[in-house]
Amino acid sequence: MNFLKPSSVIGILGGGQLAKMMSMAASNLGYKVHIYAPEKDNIASEVSARFTQGSYDDLETLMTFASDCNVITYEFENVPVDTLKKIEKKYVLRPNSQALEIAQSRLAEKKYAEKCGAITARYVPILNREDIEASIAKLGADAIMKSDRLGYDGKGQARIDETTNLSGAWMAVGQRDAILEEYVDFEAEFSVILTRTFEGNIIFWDSSKNIHQHGILKQASLPAGPLIASQRSEARKLASRIADELDYIGVLTVEFFATTNGPVFNEMAPRVHNSGHWTIEATVTSQFENHIRAITGMPLGSTETLADRIEMENLIGDYTDQLDNILSDNNKHLHLYGKDKIIEGRKMGHVTRLYFD
Ligand code: ATP
Ligand code: MG
C-alpha cells in the first residue's frame, strides 16, 4: 500500500461546491477532510470532519491548519501564492503552487500555454485606461476585455465592439491589469479534463460540448459531436504537455474553443471543473474521486463512460420552479449545493441526465 492510509487528513482550501464534492469523494475512500475557508457558513464544512475558519492571507492560521493535514489541495484559485509557497516548504501541496500561480493570471496562463505549443486567441496586455485604444488598433474592435486576475463565471469581463464606451468597459473589468483578447468565432466549446499521478501517468475523461450563457457554463453534453471529437486528441496532447511541464498532480482542466482552424486554448483551471460534474454518475470514476486518488497516491480509477448520451445542466439563480419537472424524471440526478441564498447568476446546483439507447 503506497498511498495515504485511511483516516489520513486531506486539507482543502475553499468551502464551495467543488470542495464539498471533493470532500464527499474523500470520505468514501476513508479519508478525513479538513476544510479551510473564510466563511463560517460554508457548504463544504457541512460534510467534512474538520473546519478552520480563516482568511487566505492569515499565514499563522493557515500553518496551523496545514500541520493537521497529510496532504493539502484547493478548490479556490485566489489564495495568495506567497502564502502557498510558505506552506509548500513544510507540507505537501497538490497540485503545486506553480500551477496555481500560472492559472491566477490570464496573461501568465496564455504565455505558459503558448510555451507548451498552444494556439490562443490573439491578445494584448492592458495596464491602464490609456492602453485600450492602442490595443484595439492592434487587435481590431471585435474583442473581449478581461481582468487579468480574479475573474470567474464571466465576471470582470467586457465585450468590446465599435460602439462600446471604453471607459465603461474599463470600469466593468475593475480598472486593473487586464488583457484585450480577440473575439473568437468558435463553432463550439469543450474542455479536456485529465488526472495526473505523481508517477506521471495521465488519464482523460471524454470531452463534453460546453454551452455558456452570459459567460457562465449552462450545459455540458456528450457525445460532443464530430468537430470536437476530431480536435480532442490535439487538445489532449497540449493539456498533457502542460501537466507534465508543471509536474502536476491531480485533476487539471483546460478549456478550448473548437474553431474551423482547430482547437484554440481558452483557459486552464488547476482543479476539478464544472464541465466535469457529469462524471459523478456517468463514468466509472468521477473527477472528484480521481483527484483524491491522485493526491493521496492511489492508483486511478477508470474514466470509462457508462451511458450513451449525457446531459449536465447547471441550476443558476432561482431554480425552484424546475424542481417538480426534474424530480419526476427518474433518469435525472439532482444535486443541490445547499447554498442558503438564491442569487441571480449564482450556481445553486446541477442536474445530470443519462440516456441509454
Ligand atoms: P469560468 O472560470 O467560469 O470558466 P471565466 O470567467 O474564467 O469563466 P472565460 O472562460 O474566459 O471566463 O470566458 C467565459 C466564456 O465567455 C467562455 O467560455 C466563452 O463562452 C466566452 N468567451 C471568453 N473569451 C472569449 C473569446 N475570446 N471569444 C469568444 N468568446 C469568449
Ligand atoms: Mg472559462
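For the reader, a short list of remarks on this structure follows.
- Criterion (within 12 Å of ligand 1 (Cβ to nearest atom), closer than 24 Å to N261 by Cα and of a type in the set (G, A, S)) met by exactly one of A121, A141: A121
- The single condition among (1) touching a Pro at 6+ places or on another chain (Cβ under 6 Å); (2) buried (at least 24 other Cβ atoms within 10 Å of the Cβ) that E234 does not meet is (2).
- Matching residues in region 158-176 - criterion: being within 11 Å of ligand 1 (Cβ to nearest atom) and surrounded by fewer than 16 Cβ atoms within 10 Å (Cβ to Cβ): R159
- Only listed residue being closer than 26 Å to M145 by Cα and in contact with a Leu (Cβ under 9 Å, 6 or more places away or on another chain), chosen from G168, G174, G215: G174
- Strands (runs of 3 or more DSSP E) wholly inside region 37-152 containing at least 2 residues that are buried (at least 21 other Cβ atoms within 10 Å of the Cβ) and at pLDDT 95 or above: 71-74
- Scanning region 191-216 for residues that are within 10 Å of ligand 1 (Cβ to nearest atom) and within 15 Å of V254 (Cβ to Cβ), we see that the one that is surrounded by the fewest Cβ atoms within 10 Å (Cβ to Cβ) is N210.
- Test: R149 is in contact (Cβ under 8 Å) with a residue 60 or more places away in the chain, within 25 Å of A258 (Cα to Cα) and charged (D, E, K, R): yes
- Taking the numbered list (1) free of Cβ contacts under 8 Å to residues at least 12 places away in the same chain; (2) touching a Gly at 6+ places or on another chain (Cβ under 7 Å) in turn, K89 passes all entries but (2).
- When the criteria are applied in full, S191 fails the requirement of being in a loop (DSSP other than H, G, I, E, B) and either assigned by TED's automatic domain parsing to the domain that holds V81 or touching a helix residue (DSSP H, G or I) at 6+ places or on another chain (Cβ under 7 Å) (or both).
- Within region 195-212, the set of residues being under 27 Å from K155 (Cα atoms) and in contact (Cβ under 8 Å) with a residue 60 or more places away in the chain comprises S208, N210.
- Matching entry among E267, E289 (being in the same structural domain as R196 (by TED's automatic domain parsing) and more than 16 Å from ligand 1 (Cβ to nearest atom)): E289
- Test for K155: is it open to solvent by 30 Å² or more (accessible area, probe 1.4 Å), within 16 Å of ligand 2 (Cβ to nearest atom) and either not acidic (D, E) or not in a loop (DSSP other than H, G, I, E, B) (or both): yes
- Of the residues making up region 334-357, those that are assigned to a loop (DSSP other than H, G, I, E, B) and either open to solvent by less than 80 Å² (accessible area, probe 1.4 Å) or closer than 23 Å to H212 by Cα (or both) are Y337, G338, K339, K341, I342, I343, E344, G345, R346.
The values are calculated or read from the model by the stated rules, or taken from the named source; none is laboratory data. Keep in mind that what you see is a predicted model, and the values were worked out from it rather than measured. Note: ideal-geometry Cβ built from the backbone for every residue, glycine included; neighbour counts use all protein chains shown. Protein only, heavy atoms only, side chains kept; ligands, DNA and RNA dropped before computing areas. Shrake-Rupley method; radii C 1.70, N 1.55, O 1.52, S 1.80 Å.
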